[in-house]
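Right, one structure below, let's go through it.
The values are calculated or read from the model by the stated rules, or taken from the named source; none is laboratory data. All values derive from a computational prediction rather than experimental measurement. Backbone-built Cβ (ideal geometry, glycine too); neighbour counts: all protein chains shown.
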């Protein structure tokens with residue numbers, strides 16, 4: 001499973017392009033004006049993002065936005081042999097039915113800078129996947145000049161309704177030949193969720209799927225806002241993470257706050273005999289930038305460092321994550337996982353309190 005590009009459907013592609021360039025430092029590649037939509041293409045090191053907005057009411061983008069808020073509509077996958085991939089989708093192991101309905105037939109192109117062939121299939125919920133077979137030189141494009149940027153996508157997280165986790169996991173295991181790794185059952189004071197980590201060994205990409213375990217779960221909040229299953233967040237490889245986060249803050253990107261109690265708990269872990277994973281100066285920088293940090297007791301140099309943005313779209317809860325893996329550490333730390341959802345919970349509570357105070361009925 002190799003990501004070709006991520007496609008966002010939004011109300012105003014040009015406005016969203018400017019926001020992404022300003023706050024994330026992405027490179028604008030080109031604008032494509034179609035009869036029914038405006039398309040903006042951006043690049044962030046090895047990652048291509050496409051942003052589209054409708055020009056007509058009959059546009060597929062307009063149709064999507066009638067059903068969902070702005071967000072990820074298509075996770076496009078590069079495949080080495082499209083015809084063979086489509087044959088695999090049509091002939092799954094018995095007694096399973098066809099893996100995924102074909103939304104558009106195989107299309108071929110001869111231009112050097114275009115896909116040699118592509119087809120679109122239905123994913124989970126309202127998500128689609130464009131399958132792309134590319135020419136060898138098809139992805140040459142300008143590289144960002146910003147020294148602190150993502151090198152690619154580390155993982156993608158899909159939220160599904162209660163009771164759909166197992167079926168969604170089997171669907172994507174079969175569709176993209178992903179392997180099961182960790183599973184989590186996270187409980188906070190207010191809510192809970194179950195999560196299954198899937199992994200593509202060849203591309204080192206993680207595809208995680210969550211389902212809520214309570215009506216007040218942050219996952220349920222996303223599902224309600226998105227009006228169904230959808231991509232909750234995308235994690236971008238960001239090495240080194242400390243200067244990356246510093247640059248993002250300077251650009252004005254809002255990032256989730258981490259309570260100081262989180263670092264107090266880590267200090268207690270060190271006081272109980274754990275080996276410090278970083279030098280004191282870097283530890284102070286991590287705390288200052290509010291980056292989550294996790295490590296293995298027997299391999300403290302194998303670090304997982306993460307930080308998360310606030311939602312970037314109006315009316316949706318989609319956000320970005322920035323992640324650094326040291327010493328090729330794999331998987332996810334349960335401590336960071338729990339801390340993330342506690343931080344999301346706190347941010348949602350803060351937003352609700354603000355909205356209540358600002359409304360005519362709220363506040364005194």
**Message:** Condition first: at pLDDT below 90 and either assigned by TED's automatic domain parsing to the domain that holds residue 167 or more than 20 Å from residue 32 (Cβ to Cβ) (or both). Now tell me which residues in the range 99-133 satisfy that.
**Reply:** 99, 100, 101, 102, 103, 105, 106
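Filter the range 21-34 down to the residues that are surrounded by fewer than 20 Cβ atoms within 10 Å (Cβ to Cβ) and either under 25 Å from residue 246 (Cβ atoms) or modelled with pLDDT of 95 or more (or both) and list them by number. Walk me through it before giving the result.
Let us first name the residues in the range 21-34 that are surrounded by fewer than 20 Cβ atoms within 10 Å (Cβ to Cβ), namely 21-23, 27-34.
Correct list: 21, 22, 23, 27, 28, 29, 30, 31.
A quick yes/no check of all residues on (1) in contact with a helix residue (DSSP H, G or I) (Cβ under 9 Å, 6 or more places away or on another chain); (2) assigned by TED's automatic domain parsing to the domain that holds residue 77; (3) exposed (fewer than 14 other Cβ atoms within 10 Å of the Cβ); (4) more than 22 Å from residue 344 (Cα to Cα):
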residue: 215; (1), (2), (3), (4): no, no, yes, no
residue: 224; (1), (2), (3), (4): no, no, yes, no
residue: 230; (1), (2), (3), (4): yes, no, no, no
residue: 234; (1), (2), (3), (4): no, no, no, no
residue: 242; (1), (2), (3), (4): yes, no, no, no
residue: 248; (1), (2), (3), (4): yes, no, no, no
residue: 254; (1), (2), (3), (4): yes, no, no, no
residue: 263; (1), (2), (3), (4): yes, no, no, no
residue: 266; (1), (2), (3), (4): yes, no, no, no
**Message:** Criterion first (in a strand (DSSP E or B) and either more than 17 Å from residue 232 (Cα to Cα) or touching a strand residue (DSSP E or B) at 6+ places or on another chain (Cβ under 7 Å) (or both)) does residue 193 satisfy it?
**Reply:** yes
**Qualifying residues in the range 196-228 (those that are touching a residue at least 60 places away in the same chain (Cβ under 8 Å) and part of a loop (DSSP other than H, G, I, E, B)) - the one farthest from residue 154 (Cα to Cα)** = 227
**Message:** Can you tell me which residue is nearest to residue 120 (Cα to Cα) among those in the range 51-63 that are out of contact with any helix residue (DSSP H, G or I) (no Cβ under 9 Å at 6 or more places or on another chain) and outside any loop (DSSP other than H, G, I, E, B)?
**Reply:** 60
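Based on this model, can you work out whether residue 143 counts as modelled with pLDDT under 65, in contact with a helix residue (DSSP H, G or I) (Cβ under 8 Å, 6 or more places away or on another chain) and outside any strand (DSSP E or B)? Can you show your working first?
On the way: modelled with pLDDT under 65: yes; in contact with a helix residue (DSSP H, G or I) (Cβ under 8 Å, 6 or more places away or on another chain): no; outside any strand (DSSP E or B): yes.
Here the answer is no, as residue 143 does not meet what is asked.
Could you tell me how many of the residues in the range 162-182 are in contact (Cβ under 8 Å) with a residue 60 or more places away in the chain and either surrounded by 16 or more Cβ atoms within 10 Å (Cβ to Cβ) or closer than 13 Å to residue 208 by Cβ (or both)? Please lay out each step first, then the result.
The initial filter retains those residues of the range 162-182 that are in contact (Cβ under 8 Å) with a residue 60 or more places away in the chain, namely 164, 168, 171, 174-178, 181-182.
So of that shortlist, the ones also either surrounded by 16 or more Cβ atoms within 10 Å (Cβ to Cβ) or closer than 13 Å to residue 208 by Cβ (or both) come out as 164, 168, 171, 174-176, 178, 181-182.
Count: 9.
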**Complete:** With criteria (1) closer than 30 Å to residue 249 by Cα; (2) part of a loop (DSSP other than H, G, I, E, B); (3) modelled with pLDDT of 95 or more, residue 148 comes up short on (3)
**Message:** Which condition from (1) under 22 Å from residue 9 (Cα atoms); (2) outside the structural domain of residue 61 (by TED's automatic domain parsing); (3) modelled with pLDDT of 60 or more is the one that residue 169 breaks?
**Reply:** (1)
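Determine whether the range 79-97 contains at least one residue that is surrounded by fewer than 17 Cβ atoms within 10 Å (Cβ to Cβ), modelled with pLDDT of 95 or more and in contact with a strand residue (DSSP E or B) (Cβ under 7 Å, 6 or more places away or on another chain). So that I can check it myself, show each step before the final result.
Step one: of the range 79-97, the residues surrounded by fewer than 17 Cβ atoms within 10 Å (Cβ to Cβ) are 80-81, 83-84, 87-88, 90-97.
Checking which are modelled with pLDDT of 95 or more leaves us with none.
The answer is no, given that none of the residues of the range 79-97 is surrounded by fewer than 17 Cβ atoms within 10 Å (Cβ to Cβ), modelled with pLDDT of 95 or more and in contact with a strand residue (DSSP E or B) (Cβ under 7 Å, 6 or more places away or on another chain).
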**Message:** Anything in the range 249-273 that is more than 22 Å from residue 323 (Cβ to Cβ) and in a loop (DSSP other than H, G, I, E, B)? List them, or say none.
**Reply:** 272, 273
**Complete:** Reported set for the range 271-285 where residues are surrounded by 13 or more Cβ atoms within 10 Å (Cβ to Cβ) and either out of contact with any helix residue (DSSP H, G or I) (no Cβ under 8 Å at 6 or more places or on another chain) or within 22 Å of residue 345 (Cβ to Cβ) (or both) is 274, 277, 283
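State all residues of the range 316-334 that are surrounded by 15 or more Cβ atoms within 10 Å (Cβ to Cβ) and modelled with pLDDT under 85; if no residue qualifies, say none.
Taking the range 316-334 first, the residues surrounded by 15 or more Cβ atoms within 10 Å (Cβ to Cβ) are 316-326, 329, 332-333.
Residues satisfying the conditions are 316, 333.
Just a yes or no: is a residue in the range 1-10 within 26 Å of residue 206 (Cβ to Cβ) and surrounded by fewer than 19 Cβ atoms within 10 Å (Cβ to Cβ)? So that I can check it myself, show each step before the final result.
Taking the range 1-10 first, the residues within 26 Å of residue 206 (Cβ to Cβ) are 1-10.
The next check asks that each one be surrounded by fewer than 19 Cβ atoms within 10 Å (Cβ to Cβ); those that pass are 2.
There is at least one residue in the range 1-10 that is within 26 Å of residue 206 (Cβ to Cβ) and surrounded by fewer than 19 Cβ atoms within 10 Å (Cβ to Cβ).
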**Item:** Residue in the range 196-249 that is modelled with the highest pLDDT, counting only those that are closer than 24 Å to residue 3 by Cα and out of contact with any strand residue (DSSP E or B) (no Cβ under 8 Å at 6 or more places or on another chain)
**Value:** 228
